[in-house]
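The block underneath contains the structure these notes are about, expressed in structure tokens.
Derivation of every value follows stated rules applied to the coordinates shown; laboratory data play no part. No experiment lies behind these values; they were computed from the predicted model shown. Cβ coordinates were reconstructed from backbone atoms using ideal geometry, including for glycine residues, and neighbour counts include every protein chain displayed.
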Amino acid sequence: MYGLEAINASNGWAISVVGVTIVFTGLVMLSIVIAQLYKVLALWENPSKIKALFKKKQPEKPREEQISNRVVFAESQKEVVKQFALLVRTMTDHFSLPRLLQLALISDLKDPYLNLNNLFKTKIIVPDGSGFFTWDKDMFDKLVS
């Protein structure tokens, strides 16, 4: 058997279509790589562009004023924050956070962890750098009162 009969008998048409598809796909991928090669070479020549590329993707950190302006306390949360203020008044100027949390749990305040987190977000409770925290009365008056 020779010619077209042999090609039909041994699935030659399917094999040739697969071969052409593989070659065509390889050539398309090669052309895409060559077309984008200039970008890779530009980054290779100037590595500071790589740093700039990654810096653009990082979201900007909002300023403290914007954070404190976004958090709005509900009336029930304002009451809990006022109770936290009373607890802080019983402590020294630089207080321990675990002690404040323990007092909040003993006092049976509503959602002490959530409200304590809100106090951090609004910068009412501020770390002093030595492992203790302080109460920012000005920020408290601005946001709660």
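May I ask you to list the residues in the stretch 117-145 that are under 17 Å from VAL72 (Cβ atoms) and in a helix (DSSP H, G or I)?
ASN117, ASN118, LEU119, PHE120, LYS121, MET139, PHE140, ASP141, LYS142, LEU143
Can you give me the ranges of the helices (runs of 4 or more DSSP H) entirely in the stretch 3-58 with at least 1 residues that are more than 40 Å from the chain's Cα centre (by Cα)?
4-9, 12-45
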